[in-house]
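Worksheet: one structure, shown below.
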Amino acid sequence: MNEVIRLKGLLFSTDAQVLSVMNQVLDNFEIETEVCLESASALDAVTTLKLDTLIMDWSGSGESIQILSAMRNSEQNAKSTVLAMVNGDPEMQAATHAGANFIVYKPMNVDQATRFMRAAYGNMLLQRRRAVRCPVDIPVIASMLGAGQVEGKIINLSVRGLAFLCKHGIEVEQQLAMGFALPGTSTMIRVTGRVANVISTDGGTRVGVCFSSVPPDQFAALEQWMSDHMPELPKRLMSPDDRKSAN
């Protein structure tokens, strides 16, 4: 039987009642959670850890905006789910404007917090699934903006990006475009993207690319291909309600 994958989260609050309630709820949802009581530690966590969710007690200060902004500007956490607990409409508006995905008003009890988490959990699973990369071996020619063409091969693929190996020097933030057929199909995927990271290896240069644009019909085909080729993942990433139904 496959082990259930646990999502990873960060809880930022100094409110004892919030911490008590959320710790109970997060344990029920099997989310491995780091608790931060200070803004400095929360800021460090959102920029260094890979997180599926940030659950923050909105303070109404610039610190909350700074933490959420750092989360959204982080390469690995830009699409992660952010939940904000607020006092009143002004905080709700500020959190929404800053990029929070889900909002709940305080105070809240365990039942209210559970409904809050259940509403957000599906989005966490969706983003985790989209981040999964499938190993591939696809020859490709990438067109680099203002720098000609580069031959290489794609070595892993997700709906958000890919990694490819080449023999050329490539710079971070370089814009590129490429087209390739999904393995085992005649479906062509044409993407534009930017270079997120470059690593020199014995086999050449490993280039990490984040997609900037994929035509909608091709994006849907890529999602379906990923689902077909990594079928075990959805079964291992299940909500608590799904797990109860499966038992």
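What range in the chain is the longest one free of GluC sites (Glu not before Pro) that are in a loop by DSSP and have at most 16 other Cβ atoms within 10 angstrom?
Free of exposed loop sites, the longest segment is 76-170.
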* Between the stretch 170-228 and the stretch 107-122, what is the C-alpha centre distance in whole Å? -> 36 Å
* **Accessible area (Å², per residue) of the stretch 137-193, counting only protein heavy atoms and a probe of 1.4 Å** => 49 Å²
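For the chain, what is the calculated [θ] at 222 nm in deg cm²/dmol (nearest 500), taking -39500 (n - 2.57) for each run of four or more DSSP H residues and dividing by its residue count?
Details: 8 runs with 94 residues, N = 247.
Taken over the chain, the calculation gives -11500 deg cm²/dmol.
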* Based only on the alpha carbon positions, what is the Kirkwood hydrodynamic radius of the chain, in angstrom? -> 19.8 Å
* Using 7 Å Cα-to-Cβ label points, what is the N197/T47 separation (nm, one decimal)? -> 1.7 nm
* Evaluate the Debye formula for the stretch 82-122 with equal point scatterers sitting on the alpha carbons, no solvent, and hand back log10 of I(q)/I(0) at q = 0.19, 0.31 Å⁻¹, in q order, two decimals. => -0.51, -1.07
* Mean projected area (nm²) of the alpha-carbon convex hull when the stretch 55-113 is viewed from all directions -> 3.9 nm²
* Asked: What are the trypsin sites (Lys or Arg not before Pro) within the stretch 1-72 that DSSP puts in a loop, where the Cβ has at most 12 other Cβ atoms within 10 Å?
  -> K50
* Carbon-plus-sulfur fraction of the accessible area of the chain, 1.4 Å probe, in percent? -> 51 percent
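One quarter of the convex hull surface, Cα atoms only: what value does that give for the stretch 1-71 in nm²? Don't jump to the answer; show the numbers that get you there.
Values: hull surface 19.8 nm².
If I average the Cα hull's projected area over directions, I get 4.9 nm².
Send over a whole-number figure in Å² for the accessible area per residue of the stretch 28-96, probe 1.4 Å. Numbers along the way, then the final one.
Numbers: 3020 Å² over 69 residues.
On a per-residue basis, the stretch 28-96 sits at 44 Å².
Where in the stretch 140-209 are there trypsin sites (Lys or Arg not before Pro) that are in a DSSP coil and have at most 15 other Cβ atoms within 10 angstrom of their Cβ? Please report the intermediate quantities before stating the final value.
On the way: sites: K153, R160, K167, R190, R194, R206; in loops: R160, K167.
Passing both the DSSP loop test and the Cβ count: K167.
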* In nm, give the distance between the simple-model label positions of Q218 and N28, each being 7 Å from the Cα along the Cα-to-Cβ direction. => 4.5 nm
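The values are calculated or read from the model by the stated rules, or taken from the named source; none is laboratory data. Predicted model only: the values in this text are computed from it and were never measured. We place every Cβ from the backbone using ideal geometry, glycine too, and count neighbours over all the protein chains shown. With ligands, DNA and RNA removed, areas are computed over all heavy atoms of the protein, side chains included. Shrake-Rupley method; radii C 1.70, N 1.55, O 1.52, S 1.80 Å.
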